[in-house]
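K.L.:
Structure provided below as structure tokens; questions to follow.
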Amino acid sequence: MILLARFLAALAALFGIVLGLGFLIHPVNAGAMFFLSPNGIPGLAVLRADMTAFFLTGGLLAAVAAWRKSPMLLVAPIMLFAIAITGRAVGLFADGITPGAFVPMAVEAFFVISLLFARRIFAGNASNG
């Protein structure tokens, strides 16, 4: 189980790091994958800074958690994905359902569940020595 937990945390890490670097290096292309387009240079800076921070923070913490088998390091990535799902749910109610609206929610839910599982396994592993 520990191997599966490490794999799932590493998968979340890879997802976050790849997307984070994508926003850092090619913010317009990465933004387009999320239906975002910058409004001038300030908008480009928002994509490059905020989206990079969101994804790289979650990805790097998940990577270190997978490496160290640390349950505490998974709290922030779990919260990032869970808050993202919450924001999307609010959007569904406030703005309506669009085609493909549930795909990103499914991805985020997968990572919340996967990281909760990994956190539980890592915590059990730490208490068992």
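K.L.:
Which pairs have Cβ atoms under 9 Å, sit 6 or more apart or on different chains, and link a residue in the stretch 17-28 that is touching a residue at least 12 places away in the same chain (Cβ under 8 Å) and closer than 18 Å to PRO77 by Cβ to one that is acidic (Asp, Glu) and assigned to a helix (DSSP H, G or I)?
P.N.:
Once the first residue is touching a residue at least 12 places away in the same chain (Cβ under 8 Å) and closer than 18 Å to PRO77 by Cβ and sits in the stretch 17-28, its partners that are acidic (Asp, Glu) and assigned to a helix (DSSP H, G or I) give PHE23/ASP50.
K.L.:
So, one more: What is the number of the single condition among (1) modelled with pLDDT of 95 or more; (2) more than 14 Å from the chain's Cα centre (by Cα); (3) not basic (Lys, Arg) that GLY129 does not meet?
P.N.:
Result: GLY129 passes all but (1).
K.L.:
Mind listing just one residue for me: the one in the stretch 47-91 that is among the β-branched types (Val, Ile, Thr) and under 12 Å from the mean Cα position of the chain (by Cα) and, of those, surrounded by the fewest Cβ atoms within 10 Å (Cβ to Cβ)?
P.N.:
First, the residues of the stretch 47-91 that are among the β-branched types (Val, Ile, Thr): 52, 57, 64, 75, 78, 83, 85-86, 90.
From the residues that got through so far, the ones that are under 12 Å from the mean Cα position of the chain (by Cα) too are 52, 57, 75, 78, 83, 85.
Values: THR52: 19, THR57: 15, VAL75: 14, ILE78: 21, ILE83: 12, ILE85: 17.
Of everything passing the filter in the stretch 47-91, ILE83 is surrounded by the fewest Cβ atoms within 10 Å (Cβ to Cβ).
The values are calculated or read from the model by the stated rules, or taken from the named source; none is laboratory data. Keep in mind that what you see is a predicted model, and the values were worked out from it rather than measured. Neighbour counts are summed over all protein chains in view; Cβ atoms, including those assigned to glycine, are modelled from backbone coordinates with ideal geometry.
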